[in-house]
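The values are calculated or read from the model by the stated rules, or taken from the named source; none is laboratory data. Because the structure is a prediction, the values reported are computed rather than measured. Note: ideal-geometry Cβ built from the backbone for every residue, glycine included; neighbour counts use all protein chains shown. Each accessible area value is taken on the protein alone, full model and side chains, heavy atoms only, with ligands, DNA and RNA left out. Shrake-Rupley method; radii C 1.70, N 1.55, O 1.52, S 1.80 Å.
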Amino acid sequence: MISELTQNKIESSGILDEADFHIKKENLGVVFHILRSQLYSQPVAAIVREYFCNSLDSNNLSGKSDVPVRVTLPTTLEPFYKCRDFGFGLSDEEIKNVFISYGESTKRDTNEAVGMLGLGAKSAFSLVDAFIVNSFQNGHVSSWNLFIDESQRGKAALLARAETIEPDGLEVVIPVKSEHIYKFKDEAMKFFYYSKILPEFHNLSQLDLDLIKNNRSKVAEFS
């Protein structure tokens, strides 16, 4: 989304010295910790919202707005929350220079995307210390482990690369503790009750899916 930044015109005189605000490298861990732990008051809800919106942006920007985002809810047998888009995927350099860079965004030159702050892709860190990003590009899949290291700044490590027949796109895989499994389902249902677009759900019962669809129909009636 194109950001409308306020342009401050400052008139000053008599300045003897000045300095720019900055962050020292040794303090980046503290700043990143604040962003991770205090940016979202409801981490699970934020994860459901942020990764779905990012995936929706990716599909739209790659001309695949008709392809549904794939959302996999965690279960006791498969305790992972997954969100998969079918956009362009990310190269190694894009993972390192954009995906894991706080404040970096590729969406500030278009209103066809929701995101622009460069923070949502890191929202998983508000709940977990590590998660996986699988990037599908040109018949290959690259699996990256994004984790908080001892510096507290975080790192991305390439775990594997293999051939695949999967279409291009990006998949975020977040491990979920047993006490949060139902919370993910609950927050997903609340979010998609009012979302204009539904994903392709995995691990959601037909009954729950019907509840979402019925609620969306009622909302549409009164809007």
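Between residue 78 and residue 138, the C-beta separation translates, for a Förster distance of 35 Å, into a calculated FRET efficiency of about 0.80. In this structure, residue 147 and residue 20 have a Cβ-Cβ separation that, at R0 = 25 Å, corresponds to a calculated FRET efficiency of about 0.20.
Were the residues from residue 159 through residue 216 laid out at 0.36 nm apart, the gain over their Cα-Cα distance would be 16.5 nm. Put a dot 7 Å past the Cα of residue 196, heading toward its Cβ, do the same for residue 208, and the two dots end up 2.6 nm apart. Phi-derived couplings, Karplus 6.51 cos²θ - 1.76 cosθ + 1.60 at θ = phi - 60°, listed residue by residue for the range 147-157: 8, 8, 8, 5, 6, 6, 7, x, 9, 10, 10 Hz, with x used for Gly and Pro.
Calculate, for residue 179 and residue 28, the FRET efficiency according to 1/(1 + (r/R0)^6) with r their C-beta to C-beta distance and R0 45 Å; round to the nearest 0.05. Once the sixth-power term is evaluated, E becomes 0.90.
Close amide H contacts of residue 152 (hydrogens built in the peptide plane, cut-off under 5 Å, sequence separation of 5 or more or a different chain): none are found. Which of 185/213; 96/122; 82/155; 122/213; 25/155 have a Cα-Cα distance over 18 Å? Distance filter (> 18 Å) returns 82/155; 122/213. A 1.4 Å probe run over the protein chains yields, for the range 167-210, 56 Å² of accessible area per residue, whole-number rounding.
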